[in-house]
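Below you'll find the structure, written out as structure tokens, and then a few comments.
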Amino acid sequence: MKIGLIGLNQTGKTTLFSLLTGKIDSSNISTGKGSANIGTCIVPDERVDFLSGLYKPKKTTYAKIELTDITGFSTSNDGHNSGAARFLNDVRPCDAIVHVLRAFESDSVVHDLSSIDPARDLEAVETEMLFADLEMIEKRIGRIRAGKKITKENEAEIALLERCFDWLEKGGSILEMELSEQERVFTRSFAFLTEKPRLAVVNMDEAQWESKIYPNSKGLRTLCAKQNIPLLELCVEMELEISRLPHDEKQFFLTDTGITQSGLSVLAQASYNLLGLISFLTIGDDEVRAWTIEKGTIAKSAAGKIHTDIERGFIRAEVVKYKNLRELGTMAKVKEKGLFRLESKEYIVEDGDIINFRFNV
């Protein structure tokens, strides 16, 4: 599962990518001439922290997501977009999108449009993606109609694509369309840009972060609410300073400023949720680990994430709720309270389940 960081040039997007992945060398894209940069982001999880402290394992493994720092493009005042084609091609393989928007003021970093307006910038990128989907639909319908024979399947496809086209023309996104399950499977085969889940991150300077006021903040919040795009407000410059602190000083800084969780942690978790993902947990002296699955996954399929042999020889799942172990402190007390459960292969795994799979092959 892959998340793309997108945005116009000079938004702080690449710095954010570097902070999330620890992949500091982004020289290949700093000029806007390279290809998309790919890295892995650890998803912070206080449940893993607690279990690791409880069991003292040899290894602790957090959930991870793949991030792609997609080269930005420039939107000039005359409407000309530089690098848009490459940008759109890089976005299409992503499963979800994080818009990085600039709110920070800087005399040394000039905005392409000479003014700061994150709502305008979000709308510009969203419009670019909408036009790309409209163009794709037009080309597909044109190819079908140019064929020698139009089958019933072709007619059904044209009808659906025309519905999508009309919806997009009215400013909607494919993600928000009311589609049947079969229609949704079909539209996903096109990898429509407006069908991808989106999250917006506005990059503020420290003064803006403290006041929560920045240029057209009201307009951005209104736009995100209208388009059902979750909005996070971060100060990437401050997050960079925090990341450079020793662990003890970092915790002191967060406590002193009243921050319960770093913005990077919030963003990583929000991105994880954006993909419709959850984690189940395994514990032991060797390893405490978070395993990534999609919401709605049954126990037998979840077992296959660990090893195909476990899925193939699945007998049962021994399930403990994290909150019960956290409250009671030991597995022995959980069992005493009758909160240790045996589940069948059809059990739908819930976020934070601690599972031990019994199997025989």
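Any residue in segment 290-299 that is part of a helix (DSSP H, G or I) and open to solvent by 50 Å² or more (accessible area, probe 1.4 Å)? No: segment 290-299 contains no residue that is part of a helix (DSSP H, G or I) and open to solvent by 50 Å² or more (accessible area, probe 1.4 Å).
Highlighted here are the helices (runs of 4 or more DSSP H) found entirely within segment 211-264 that include at least 2 residues which are farther than 20 Å from Leu5 by Cβ: 217-226, 247-256. Gly147 passes every criterion in (1) without any contact (Cβ under 8 Å) to a residue 12 or more places away in the chain; (2) within 30 Å of Ser265 (Cβ to Cβ); (3) of a type in the set (Gly, Ala, Ser); (4) open to solvent by less than 40 Å² (accessible area, probe 1.4 Å) apart from (2). Among the residues of segment 183-220, which ones are touching a residue at least 40 places away in the same chain (Cβ under 8 Å) and among the hydrophobic types (A, V, I, L, M, F, W, C)? Matches in segment 183-220: Phe190, Ala191, Phe192, Leu193, Leu199, Ala200, Val201, Val202, Met204, Leu220. Every condition in (1) more than 26 Å from Lys56 (Cα to Cα); (2) open to solvent by 30 Å² or more (accessible area, probe 1.4 Å); (3) part of a helix (DSSP H, G or I) is met by Leu267 except one, and the failing one is (2).
Within segment 112-133, being outside any helix (DSSP H, G or I) and surrounded by fewer than 17 Cβ atoms within 10 Å (Cβ to Cβ) holds for Leu113, Ser114, Ser115. For segment 300-322, the candidate set comprises residues that are open to solvent by 60 Å² or more (accessible area, probe 1.4 Å) and not charged (D, E, K, R); within that set, the residue that is nearest to Phe359 (Cα to Cα) is Ile315. Across segment 61-78, the qualifying residues are those that are charged (D, E, K, R) and at pLDDT 90 or above, and the one among them that is nearest to His111 (Cα to Cα) is Asp69. How about segment 325-354: which of its residues are part of a helix (DSSP H, G or I), over 14 Å from Leu281 (Cα atoms), among the basic types (Lys, Arg) and in contact with a helix residue (DSSP H, G or I) (Cβ under 9 Å, 6 or more places away or on another chain)? Within segment 325-354, Lys333 is the sole residue that qualifies. What pairs come up if the first residue lies in segment 331-350 and is more than 21 Å from Tyr55 (Cα to Cα) and of a type outside the set (A, V, I, L, M, F, W, C), the second is open to solvent by 70 Å² or more (accessible area, probe 1.4 Å) and at pLDDT 95 or above, and their beta carbons are under 7 Å apart, counting only those six or more places apart or on different chains? Matching pairs, first to second residue: Glu343/Arg316; Ser344/Arg316. Could we say that Ala156 is modelled with pLDDT of 90 or more and open to solvent by 20 Å² or more (accessible area, probe 1.4 Å) here? It is true that Ala156 is modelled with pLDDT of 90 or more and open to solvent by 20 Å² or more (accessible area, probe 1.4 Å). Test Glu153 against the stated conditions and say whether it is free of Cβ contacts under 8 Å to residues at least 40 places away in the same chain and in contact with a Phe, Trp or Tyr (Cβ under 8 Å, 6 or more places away or on another chain). No: the conditions fail for Glu153. Given the criteria small (Gly, Ala, Ser), more than 15 Å from Tyr62 (Cα to Cα) and open to solvent by less than 60 Å² (accessible area, probe 1.4 Å), does Gly276 qualify? In short, yes.
Just one residue in the set Glu287, Glu294, Glu249 is of a type in the set (Asp, Glu) and touching a residue at least 24 places away in the same chain (Cβ under 8 Å); that residue is Glu287. Scanning segment 323-350 for residues that are among the acidic types (Asp, Glu) and either open to solvent by less than 90 Å² (accessible area, probe 1.4 Å) or within 33 Å of the chain's Cα centre (by Cα) (or both) gives Glu327, Glu343, Glu346, Glu350.
Hey, among the residues in segment 154-179 that are charged (D, E, K, R) and in a helix (DSSP H, G or I), which one's farthest from Phe131 (Cα to Cα)? Applying the filter and picking the extreme gives Glu155.
Which of the residues that make up segment 194-210 are within 18 Å of His111 (Cβ to Cβ) and either open to solvent by 50 Å² or more (accessible area, probe 1.4 Å) or outside any helix (DSSP H, G or I) (or both)? Passing the criteria: Ala200, Val201, Val202, Asn203, Met204, Asp205, Ala207. Of note, Glu105 does not satisfy the criterion of being at pLDDT 80 or above, surrounded by fewer than 18 Cβ atoms within 10 Å (Cβ to Cβ) and assigned to a strand (DSSP E or B).
The values are calculated or read from the model by the stated rules, or taken from the named source; none is laboratory data. What you see is a predicted model, and the numbers here were worked out from it, not measured in a lab. Glycine gets a Cβ as well: all are built from the backbone with ideal geometry, and neighbour counts include every protein chain shown. Remember, those area values only see protein heavy atoms, side chains included, never the ligands or the DNA or RNA. Shrake-Rupley method; radii C 1.70, N 1.55, O 1.52, S 1.80 Å.
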